[in-house]
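Asks: Dropping the structure in here first, questions after.
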Amino acid sequence: MTKLVVFSGSCRESSLNAQLARAASRVGEQEGADVTLVSLRDYTMPLYDGDLEDESGVPEGAGRFRELLASHDGFLVACPEYNGSITPLLKNTIDWTSRPDGDVPGLVAYRGKVAGLVSASPGGLGGLRGLVHVRAILSGIGVHVVPTQFALGGAHQAFNDDGDLSDEAKAGQLQAVVSQLVETTRRLTD
Ligand SMILES: Cc1cc2nc3c(=O)[nH]c(=O)nc-3n(C[C@H](O)[C@H](O)[C@H](O)COP(=O)(O)O)c2cc1C
């Protein structure tokens, strides 16, 4: 069974991207994947600092998140857009989890994995500009990022009480990303 981690690049309690990640995880299960939905709040780590790394190695939270990604075939990330780009939380998580750690080589969490990208924003473009940067970063460290992506604009008004997307067309766009992620992962890992 295809194993996917789903998470948001924001760990805010009422994060719109966490809501989109939750909706995506349900779609992933419907598509037949084994989905692990997590919050980066449960994998806290300090801001990357080379001196800190030299003194005490990779932080415990980063090591656990790296192991989580490494033990799955791929991941879906809901990416908030900050000033047209990636959030510091997501970038910092990628930075720490891409580092070598004792006997564990760098990039084990990323190289050869498959990823899908979505974003949510109250704004009209839905965080689309930030996805360009996240795609470039992940592709640069060996992740196969599926071509289909989804940016949800007006996200503060997009979810119904069950946490699903009220608009059928938008729900279809989310489904298209998840379905391509599951299918691509299946093909690459079989
Ligand atoms: C520092 C900062 C920069 C932001 N820049 C953008 C932006 O460039 N584009 C955008 O659509 N929204 C931007 N926003 C608004 C976020 O999309 C909004 O706060 C969103 O709810 C954050 O995602 P979350 O709900 O998952 O935490 C910004 C928010 C912050 C805090």
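Asks: Would you mind finding the one in LEU68, LEU52, LEU20, LEU47 that is away from the ligand (no atom under 16 Å from the Cβ) and either touching a residue at least 40 places away in the same chain (Cβ under 8 Å) or not in a helix (DSSP H, G or I) (or both)?
Replies: Values: LEU52 fails: either touching a residue at least 40 places away in the same chain (Cβ under 8 Å) or not in a helix (DSSP H, G or I) (or both); LEU20 fails: away from the ligand (no atom under 16 Å from the Cβ); LEU47 fails: away from the ligand (no atom under 16 Å from the Cβ).
Unique residue meeting the criteria: LEU68.
Asks: Kindly indicate whether LEU107 is buried (at least 22 other Cβ atoms within 10 Å of the Cβ), touching a residue at least 24 places away in the same chain (Cβ under 8 Å) and of a type in the set (A, V, I, L, M, F, W, C). Talk me through it step by step, then tell me what you get.
Replies: Details: buried (at least 22 other Cβ atoms within 10 Å of the Cβ): no; touching a residue at least 24 places away in the same chain (Cβ under 8 Å): yes; of a type in the set (A, V, I, L, M, F, W, C): yes.
No, not satisfied.
Asks: Here is a list of conditions, (1) within 30 Å of GLN157 (Cβ to Cβ); (2) free of Cβ contacts under 8 Å to residues at least 60 places away in the same chain; (3) touching a Pro at 6+ places or on another chain (Cβ under 8 Å), and ARG41 meets all of them except one; can you say which number that is?
Replies: Every condition holds for ARG41 apart from (3).
Asks: Answer yes if at least one residue in region 51-69 is in contact with a Ser or Thr (Cβ under 8 Å, 6 or more places away or on another chain), of a type outside the set (A, V, I, L, M, F, W, C) and open to solvent by 30 Å² or more (accessible area, probe 1.4 Å), and no otherwise.
Replies: no
Asks: Condition first: of a type outside the set (A, V, I, L, M) and either under 17 Å from ALA33 (Cα atoms) or in contact with a His (Cβ under 9 Å, 6 or more places away or on another chain) (or both). Can you find one or more residues in region 167-178 that meet it? It would help to see each step written out before you state the result.
Replies: Pass one, region 167-178, residues of a type outside the set (A, V, I, L, M): 167-168, 170, 172-173, 175.
Restricting the remaining residues to those that are either under 17 Å from ALA33 (Cα atoms) or in contact with a His (Cβ under 9 Å, 6 or more places away or on another chain) (or both) gives 175.
The answer is yes; a qualifying residue exists.
Asks: Report, by residue number, each residue of region 1-30 that is open to solvent by 40 Å² or more (accessible area, probe 1.4 Å), over 16 Å from VAL114 (Cα atoms) and not hydroxyl-bearing (Ser, Thr, Tyr).
Replies: Of the residues in region 1-30, the ones open to solvent by 40 Å² or more (accessible area, probe 1.4 Å) are 1, 3, 12-14, 19, 22, 26, 29-30.
Then keep just the ones that are over 16 Å from VAL114 (Cα atoms); that gives 12-14, 19, 22, 26, 29-30.
The answer is ARG12, GLU13, GLN19, ARG22, ARG26, GLU29, GLN30.
Asks: Are any residues in region 23-44 assigned to a strand (DSSP E or B) and more than 16 Å from the ligand (Cβ to nearest atom), and if so, which ones?
Replies: Step one: of region 23-44, the residues assigned to a strand (DSSP E or B) are 34-37.
ASP34, VAL35, THR36, listed by residue number.
Asks: Being in contact (Cβ under 8 Å) with a residue 12 or more places away in the chain and within 16 Å of the ligand (Cβ to nearest atom) is the filter here, so list the residues in region 1-17 that pass it. Quick ask: steps written out before the conclusion?
Replies: Filtering region 1-17 down to residues in contact (Cβ under 8 Å) with a residue 12 or more places away in the chain leaves 1-11, 15-17.
Residues satisfying the conditions are VAL6, PHE7, SER8, GLY9, SER10, CYS11, SER15, LEU16, ASN17.
Asks: Could you please let me know if GLY123 is touching a Pro at 6+ places or on another chain (Cβ under 8 Å) and over 15 Å from SER8 (Cα atoms)? Spell out the reasoning first.
Replies: On the way: touching a Pro at 6+ places or on another chain (Cβ under 8 Å): no; over 15 Å from SER8 (Cα atoms): yes.
It is false that GLY123 is touching a Pro at 6+ places or on another chain (Cβ under 8 Å) and over 15 Å from SER8 (Cα atoms).
Asks: Does region 75-89 contain any residue that is away from the ligand (no atom under 16 Å from the Cβ), crowded, with 18+ Cβ neighbours inside 10 Å, more than 23 Å from GLY127 (Cβ to Cβ) and in contact (Cβ under 8 Å) with a residue 60 or more places away in the chain?
Replies: In the first step, residues of region 75-89 are kept if they are away from the ligand (no atom under 16 Å from the Cβ); the result is 75.
This time we only want the ones that are crowded, with 18+ Cβ neighbours inside 10 Å, so: 75.
Restricting the remaining residues to those that are more than 23 Å from GLY127 (Cβ to Cβ) gives none.
No, because not a single residue in region 75-89 is away from the ligand (no atom under 16 Å from the Cβ), crowded, with 18+ Cβ neighbours inside 10 Å, more than 23 Å from GLY127 (Cβ to Cβ) and in contact (Cβ under 8 Å) with a residue 60 or more places away in the chain.
The values are calculated or read from the model by the stated rules, or taken from the named source; none is laboratory data. Note that this is a predicted model, so its numbers are computed, not measured. Every residue, glycine as well, gets a Cβ built from its backbone with ideal geometry; the counts of neighbours run over all protein chains shown. Keep in mind that these areas ignore ligands, DNA and RNA; they rest on the heavy atoms of the full protein, side chains included. Shrake-Rupley method; radii C 1.70, N 1.55, O 1.52, S 1.80 Å.
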